[in-house]
Amino acid sequence: MKFYQKISLKLKLTLLFGLIFTGMLSSFSYTIYREFSKLQSEEFDTTLYNYAIDVAESLDIDSYGEVEFDPDIIKLNEKILPFALGTSYISVLDINGKVIASSSNASDKHILAVSEYKLGRVLKKGASYDVLSFKGIPHRVINYLLPVLKIDSPLILQISVPMTTFMNTNKNLIRFFLTIIPVMMLLSAIIGYFFVGRALLPMLEIINKTKKIEVSNLEERVPVPIAKDEIWQLADTINLLLSRLQESFISQERFIQDASHQLKTPLAIIKGELELFRSENRSEKEMSQFFESMSQEINFLVKLTNDLLILARVDSGSASLVFTDNRIDEIVLTQTSRLSKLASLKKISLQIQFEAFEFASEEALSVFCDPDLLGILFYNLIENAIKYSPENSTIHIKGLNDEDSIIVIISDEGEGIKDFQIEKIFDRFFRIEGSSKLAQGSGLGLAICKVVADSLGAKLWAENNPTLGTSFYFKMLKKQNN
């Protein structure tokens, strides 16, 4: 078993092919041997029966009541084939087993006693067959019921002939199979090894190509065979895996670069202001301004760190998420309440339109989600709308109850987003040009919303309103009842 585990796949397949082929060839050869031996045995018995008829016709009763037959009957070559010349032993027995007459070459050792059972078969069927071993050579014996001659008591003609020709033919056939089967096994192993190697050649090319792919050349792909077989599926799967790895590395590199840049800026500001503050004595007003500036930068760093932790939590997979049944309207209302103070500072009105939810059942408004992450999603969407909305404007939060899904729409009355930028707003660290004048941020808020929506199996997209502002659509399937 250890040897089988150590050998190559090519050799394993060759051995398997060889074993199957050898088993089939051996079974086929054995079947041929049995059928041929059976037919040869039947032909031998038929010839022996015909020979017994010829001998019986030559028998006669002389004037003294004794049985006599032509002594040349055993010398006629055309009559005794396939028996060896001069080796037929002929005897005539009565029903009591007593020898009445026999050929000159026959002795007691060539005569087989006729039992009651054999006598019954002879009387019933006219003939019976048996095997007698003489000097290590098997002889075929026929007991043939003679026609009534000139005596009333039935007689039995017993002829014993050697099976030398029959045995030699079988031995030659066995010798042939014992020679041809190993030869065919060897040829099948060689041919099988060659064709298995040809069949595995695309796999070897895939392996060699995969070994050459490193982080620096993840854009390369393994060759895909033309035939859509199992090797094609393997190559296609490896290419899909390489594509995902490439995307992950690109995303990771971009994330590290952007995160480093975002962290470096506030840290540089804090360091510069600290050095400037320490250079000379400051007034109480200057100290107050300094602490206010430090507080803003630290708050930015805290927000950026929290956003990075949320992204890391979602990217780590479902193992870090806790899914339960939650009412989506309650989550939206909670986050709206948390942001009401921020909205009031900019004199922005948060208008909730949940009329579609008023008559909906508890089950209809329940979604299977991580409530903390879904809360973060709505918090960021509403906060984003507040940041980019002018004073004395209104943010509309609308709920729709479809047959199989729940939709929440958050619309602002800001300047809107340019068409070529609307597909990029969910990218990490992406900031709309000129947005820093309107609101400070890290560029992770909408990216977090997108990854949270994807982790919950929901859809999130943005569209510009026909008049003013932008609307963000969140669509999630309702909890399915099993």
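None of the figures in this text is laboratory data; all of them are computed from the coordinates on show. Everything numeric here is computed off the predicted structure, so don't read it as measured data. Neighbour counts run over all protein chains shown; Cβ positions are idealised from the backbone, glycine included.
Averaging 1/r over each pair of different alpha-carbon atoms in region 282-406 and inverting the result gives 17.2 Å, the Kirkwood hydrodynamic radius. Potential lengthening of the chain between residue 463 and residue 341 amounts to 41.3 nm, from the contour at 0.36 nm per residue minus the alpha-carbon distance. Each part reduced to its alpha carbon centroid, region 262-312 and region 171-236 end up 65 Å apart. The ranking of 427, 454, 370 from fewest to most other beta carbons within 10 Å of each one's beta carbon is 454, 427, 370. Remark: region 322-477 carries a charge dipole of roughly 860 debye about the Cα centre, counting +1 on each Lys and Arg Cβ and -1 on each Asp and Glu Cβ.
The order of 22, 470, going from fewest to most other C-beta atoms within 10 Å of their C-beta, is 22, 470. Across the cross-link table entries 346/418; 347/450; 347/424; 118/171; 347/387; 398/478, which are compared at the Cα atoms, the separations over 19 Å belong to 346/418; 347/450; 347/424; 118/171. Summarising the strand pairing of region 322-477, around 80 percent of its internal DSSP beta bridges are antiparallel.
Note on 165, 179: ascending count of other Cβ atoms within 10 Å places them as 179, 165, the fewest first.
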